[in-house]
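**Student:** Dumping the structure here so I can ask a few things about it.
The values are calculated or read from the model by the stated rules, or taken from the named source; none is laboratory data. Because the structure is a prediction, the values reported are computed rather than measured. Note that we place each Cβ from the backbone using ideal geometry, even for glycine, and neighbour counts take in every protein chain shown. These accessible areas exclude ligands, DNA and RNA; they are computed on the full protein's heavy atoms, side chains included. Shrake-Rupley method; radii C 1.70, N 1.55, O 1.52, S 1.80 Å.
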Amino acid sequence: MLRVADLKKSVLFFNQCLDLQVIRSFDNPAGRFSLVYLAYPASDFEIELTHNWDIDAYQTGNSFGHIAIRVDDIYDVCQRVIDFGYTINRPPRDGSMAFFKTPDGISIELLQNGAPLTLSDPWLSMENNGTW
C-alpha cells in the first residue's frame, strides 16, 4: 500500500508509465479516505493506493526503500516515463535496471524481465544526474 497525496495524478502515473489498470476502488466518506487497486491484466501483482482526503503531502519513512517491477522492455517503459514528464534518476545503461520516482517521491526500480537488453543509445550516453 502506498499513501498518495493526489489520487488522480498517482493513478494516471501508474497507468500511463507502467500500464497498471484500476481493478477496483472504494471511497469511505465516514473515514475520509479512498482506496484504488491497480494491477497488470492476468496478474496476481497489485498496488493499493490510499488517499486520505485531508492530507496534502506525506514524508517517506526511512524504513521504506522502493518498489521493484519487472517489465518486458525497460527501454520502452523508461521512454514512456520521460514522455509523461518524469525524470529517470538512474537510466538503464546496463539494459537491465533503472530507477525513477512517482509523483509522491516513491522510488520505483524497473528490472528487465529475462536477459538484459542489448546496450544502446540514448541510454548508454546519459549521465546519472537526472537532467537529460
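**Student:** Across the range 98-111, what is the total count of residues that are open to solvent by less than 30 Å² (accessible area, probe 1.4 Å) and basic (Lys, Arg)?
**Tutor:** 0
**Student:** Mind checking which strands (runs of 3 or more DSSP E) fall wholly inside the range 27-97 and carry at least 1 residues that are surrounded by 13 or more Cβ atoms within 10 Å (Cβ to Cβ) and over 13 Å from the mean Cα position of the chain (by Cα)?
**Tutor:** Details: elements: 33-39, 46-52, 67-71, 88-90.
By residue number, 33-39, 46-52, 88-90.
**Student:** Among residues belonging to the range 112-128 that are closer than 23 Å to residue 66 by Cβ and at pLDDT below 90, point out the one that is surrounded by the most Cβ atoms within 10 Å (Cβ to Cβ).
**Tutor:** Filtering the range 112-128 for residues closer than 23 Å to residue 66 by Cβ gives 112-117, 123, 126-128.
From what's left, at pLDDT below 90: 123, 126-128.
Numbers: 123: 19, 126: 17, 127: 9, 128: 12.
If we take residues in the range 112-128 being closer than 23 Å to residue 66 by Cβ and at pLDDT below 90, then 123 is surrounded by the most Cβ atoms within 10 Å (Cβ to Cβ).
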